[in-house]
Amino acid sequence: MACLLCLLLGVALLGAFDYTIAYTNKLEFCISCHEMKDTVYQEYKESEHYKNAAGVRAVCSDCHVPHEWTATFTRKIKAVNELYHKVMGTIDTPEKFEARRLELAQHVWKTMKERDSLECRNCHSFEAMEFEDQDKRAARKMKRGLKEGKTCIDCHKGIAHELPEGYEEPDD
């Protein structure tokens, strides 16, 4: 009887955890605080990731949460730190968020670089790109980046959000 109870409790906890992960991956959850809704969400709504000819929309979790279960779990644990800073007042206003925005962006960029921009590559594929349909300059840069072993985030910072104040483009 105790084994059955433990099994049922385990299934219930796993279901609750899965529900929580799914809920916290929704756009509505991500923009539920005014710092996000009034800043990065407004920028995202003007990006190709929000509106485009194909009608495909990426939401926050598509880019900021890994898709593999263990990496998702790790990312959600790290997100507790963001909630902590919200509650402690470190980033509880748009002004405080903007003051720390470069530091926060650098953390995101570092993680994306370490993961070889996997979250980008879940949707975008170099093999599927039609370089001849791209602007000549863009195609040249993409091919050079591929040859040099660069990853998406090396060149595409600011693709869905404005670059933070104080950010300096590396020399090409």
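Read-outs: derived from the displayed coordinates by stated rules, not from any lab. Only a predicted model underlies this, so the values are computations on that prediction, with no experimental measurement involved. Heads up, the Cβs are rebuilt from the backbone with ideal geometry, glycines too, and the neighbour counts pull from every protein chain shown.
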Quiz item: In a GNM of the chain with a 10 Å cut-off on Cα contacts, which of A99, A71, A53 has the highest mean-square fluctuation?
Solution: A53
Quiz item: What 222 nm value per residue comes from the helices of the chain, counting each DSSP H run with n ≥ 4 as -39,500 (n - 2.57) and dividing by all residues, nearest 500 deg cm²/dmol?
Solution: -17500 deg cm²/dmol
Exercise. Would you look at the GNM of the chain, springs on alpha carbons closer than 10 Å, and say which of I153, I21, I91 moves the most?
Key: I21
Quiz prompt | For the range 1-55 and the range 147-172, distance of Cα centres in Å | solution = 27
Self-check item: Isolated Cys in the chain, by beta carbon distance under 4.7 Å
Solution: C3, C6, C33, C63, C123, C155
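Quick check on my link table: of K37/K76; K113/K136; K26/K51; K110/K141, which ones sit more than 23 Å apart, alpha carbon to alpha carbon? Working shown, then result.
Details: K37/K76 20 Å; K113/K136 26 Å; K26/K51 17 Å; K110/K141 21 Å.
Violating the 23 Å Cα-Cα cut-off are K113/K136.
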Quiz prompt | Cross-link partners of K147 among aspartates and glutamates (Cα-Cα below 20 Å; sequence separation of 8 or more within a chain) | solution = E114, D116, E127, E130, E132, D133, D135, D171, D172
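Can you give the FRET efficiency to the nearest 0.05 for R115 and L8, using r as the Cβ-Cβ distance and R₀ = 25 Å? Mind dumping the intermediate values first?
Numbers: r = 36 Å, r/R0 = 1.45.
For R0 = 25 Å, the calculated efficiency reads 0.10.
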Exercise. Could you work out which residue, out of L14, L83, L27, moves most in a Gaussian network model of the chain, that is, has the largest mean-square fluctuation with Cα springs under 10 Å?
Key: L14
Quiz prompt | Cross-link reach list, aspartates and glutamates versus K78, counting only Cα pairs under 12 Å and skipping chain neighbours closer than eight places | solution = none
Self-check item: For the chain, alpha-carbon Rg over 2.2 N^0.38 Å
Solution: 1.23
